[in-house]
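Please treat every number below as a calculation from the coordinates, not as lab data. What you are looking at is a predicted structure, and each value in this text was computed from that prediction instead of being measured. Cβ coordinates were reconstructed from backbone atoms using ideal geometry, including for glycine residues, and neighbour counts include every protein chain displayed.
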């Protein structure tokens, strides 16, 4: 067996142990040898973790060196040598290749491949060895711990092979939930992503084409604009606009619109990064047309209006109308830029919400450039869309920064499908609008069906009226009627739902978990019901165990 090892490396390790001398049994641990390997060569040292798959599987290498002379216990009696205490227990641990012969792990190898299953086996076995060596597990409990190895390995495997970004059930009632990916996508319609695409290829001429060319006119037509550009998010859209048209010059903004949104995104910071200088005008609650006009000077590049996103200023307030501001800006020969933010294309009163200026209305009222997000009220993928007058839009696509900000084929393909649904007024094909359009009666029926089955299973679920929100900073403080379930169980149940195989994210109020069905797609109802049943069962088990 020693022939498999690097003699020079083993020698260095043993010398290190000899220099260290004896240590108490309580501080002993397996694999001490590896701590003395040179860092640059540690990866080739086979005793610790990387002997080789063949050696680990077929030779069952449990090679460890521990130099511990006979030590005295607190009561003066001789304590057993380290190997006498530990090695017998080590021998009860199955070899890696024996574990891999278990039917459940053979199936896992077939499904996931050998390397991740090997790693899960090693991790579970190493953990058990450390517990034994550290005295953290009683000698009488070792057999049961060995028997539990299979389940430990499967648990390790399940955790290690989870997707980096897991599907969740959003039962918060917030439809555009920034922490949960904002608007859900119609991914079932994106079959073309599995094939090659004419992304930058002109099928008419057979030559290289421009990436955005197929989509540019579709965006412009839907928004009522002369031209359009798409980048990877709305912050990038604003950065590109200011870098192109205001580098080294001044941009005037009302103090009421110097926004900060989630993730510490601040409008002044983006403006500074673009190379322009912010000029603040007006007061927090009142900004007049004259405030803007009086601030215009020789170095003024543009006037910017920003959507207030996730807050409202109410009471004694005033601000210029879009047409008045546009007229004044144009008299001075400047561009009027609007960061609309939400991507609203339709009158929200259609869904019982207050009206918000649409992209088309802003352009019709005189805005030269309007930018907005693709994954909010548009219901598409993350993107920043810029529409407006050709003379101000087209230079954006020629700016060197555009190359760094351009969208990928996934975003372009999904955006094309979402825009087609908007253009045809088939909004039910967009998940966000399907959820917005769901009637209160349909939500009530779903909740009552699910609640009835849960109560039969002994789960205290009751139907309740709720208020859902669009979210994403689109319509702050505005809600729409909804319906869902309230389940007793408090924080413990709330946490268990989040730990489900498909995590469920709800709200916690008055020691009840609220599950709002407006933000749950009907196809997810069975998943939600299974997760609630499993989580509540786990809660009862915890209570029975006295935890």
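Taking the beta-carbon count within 10 Å as an exposure proxy, list 322, 317 from fewest neighbours to most.
317, 322
List, largest first, the extents of the alpha carbons of segment 206-427 along their principal axes, each in whole Å.
53, 43, 35
Can you tell me what share of the DSSP beta bridges in segment 206-427 is antiparallel? A percent to the nearest 5 is fine.
Roughly 40 percent of the DSSP beta bridges within segment 206-427 come out antiparallel.
Take the alpha carbon atoms of segment 351-398, find their center, do the same for segment 283-334, and report the distance between the two centers in whole angstrom.
18 Å
Output the relative contact order of segment 173-291, whole-number percent, from Cα pairs under 8 angstrom with separation of 6+ residues.
Here the relative contact order equals 17 percent.
If you take the square roots of the eigenvalues of the alpha-carbon gyration tensor of segment 501-547 and sort them as a ≥ b ≥ c, do you get rounded (a/c under 1.5), prolate (a/b over b/c) or oblate?
It comes out oblate by the Cα gyration axes.
Based on alpha-carbon centroids, what's the gap between segment 473-509 and segment 203-258 in Å, whole number please?
Going from one Cα centre to the other spans 37 Å.
What shape does segment 351-443 take by its C-alpha gyration tensor, where a ≥ b ≥ c are the square roots of the eigenvalues and a/c under 1.5 counts as rounded, a/b above b/c as prolate, and the rest as oblate?
Judged from the Cα gyration tensor, segment 351-443 comes out oblate (a/c at least 1.5, b/c at or above a/b).
Sort 339, 141 by Cβ crowding within 10 Å, fewest neighbours at the top.
Arranged by neighbour count, lowest to highest, 339, 141 become 141, 339.
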